[in-house]
1. Ordering TYR263, TYR169, TYR228 by accessible area with a probe of 1.4 Å, largest first, what comes out?
2. Would you work out the Kirkwood radius for region 249-295? I mean one over the mean of 1/r across all pairs of different Cα atoms, in Å.
3. Show log10 I(q)/I(0) for region 81-223 at q = 0.09, 0.13, 0.19, 0.22 Å⁻¹, two decimals, from a solvent-free Debye sum over equal Cα scatterers.
4. Subtracting the Cα-Cα distance from 0.36 nm times the residue separation, let me have the gained length for ARG166 to ALA95 in nm, one decimal.
5. Cα centroids of region 24-56 and region 201-219: how far apart, whole angstrom?
6. Would you please calculate the Kirkwood hydrodynamic radius of region 222-273 over all C-alpha pairs and express it in Å, rounded to one decimal?
7. Which of ASP100, ASP153, ASP259 ends up with the largest GNM mean-square fluctuation for the chain, with Cα atoms connected below 10 Å?
8. Please list LYS2, LYS59 in order of solvent-accessible area, largest first, computed with a 1.4 Å probe with all protein chains present.
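The values are calculated or read from the model by the stated rules, or taken from the named source; none is laboratory data. Quick caveat, the model's predicted, so the values are computed rather than measured. Using ideal geometry, Cβ is built from the backbone for each residue, glycine included, and neighbour counts are taken over all protein chains shown. Side chains are part of the model used for accessible areas, which takes the heavy atoms of the whole protein and leaves out ligands, DNA and RNA. Shrake-Rupley method; radii C 1.70, N 1.55, O 1.52, S 1.80 Å.
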Amino acid sequence: MKVLLLTHGSRGDVQPFAALGAALTGAGHEVVLAAPASSAAVGEPFCAQVIPLDDGTNKLIGDRAAWEAVERNFRGLRGKRLFLRLLRRNRAAMAGVFGDLAALAGTPAVVDGLDLVVHQVNVPGHAIAELLGVPAVPVCLQPFWVPTPSFADPLFPFPLPATLNRASYATTRTFVRALTGSPARFRREGLGLPRRRFAHDPLRRPGGTPAPVLQAFSRHLLPPRAWYAEPVHTPGFFFLPPAPWTPPPDLAAFLAAGDPPVYLGFGSMVGSDPARTGEIVAAALRATGLRALVALG
């Protein structure tokens, strides 16, 4: 089977797909990975072909206005102005990504003999799969994409009655679409696809029936007995094959000197006041009595 994996974002968005590529390659399948140029090389040891995409919003990492907008959660008049600025810059940055995806869909070396598209849920892989006439499987890396009555969208800023839990998930989709641009335009101008019902919902097949979905995180991050409709599967995190590694002497000494530590990491998240963040981390560790390894963002 030939599988096309599509993802975009920071390294945290790419590495799980590299891990999936490693598992598929190990099972005897041919894997093509398309990912942002800044971290696409993560997948090279595990995939038959790796295609770098435009870095898109990754190029905004130095935009301090974007940092402030996220930190403020767009509150107040300044927050709204920052949101509009971020909106314009984000959409402009994503235009190159959508152009690369459209070109990818017309590249014979990529699409000839293709059997399946597996894509990050906020990448329009389902539209590319529709164009090519193959199935699509969206992958969710966070628990705020698939609606469930068990809990509200974790990004929803206000408490809600349980009856509105499912409805709250519309906020994340609306926000992402606002930041990335029109999926209708990508379908129409990028791929030449006609309009259809549910065309912009990656969680539904072209006929409107639910699509199979993979949630690439641990069920232990969810509330107990969290319920999802079929065919949503939560198999756990996608980890790369372990590589031989020896910790440096100071880290080895720290690990041997007491109880196992917790790990605190910030990934690609940025902030304008790292000293304050450090104070919060230190206070939390003192309050809990835990040892920790802290990785800088």
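1. Highest to lowest solvent-accessible surface, that is TYR263, TYR228, TYR169.
2. The answer is 12.0 Å.
3. Treating every Cα as an identical point scatterer, log10 I(q)/I(0) equals -0.31, -0.65, -1.24, -1.44.
4. Full-extension gain reported as 22.5 nm.
5. 22
6. One decimal place: 16.1 Å for the Kirkwood radius.
7. Answer for the Gaussian network model of the chain: ASP259.
8. LYS59, LYS2
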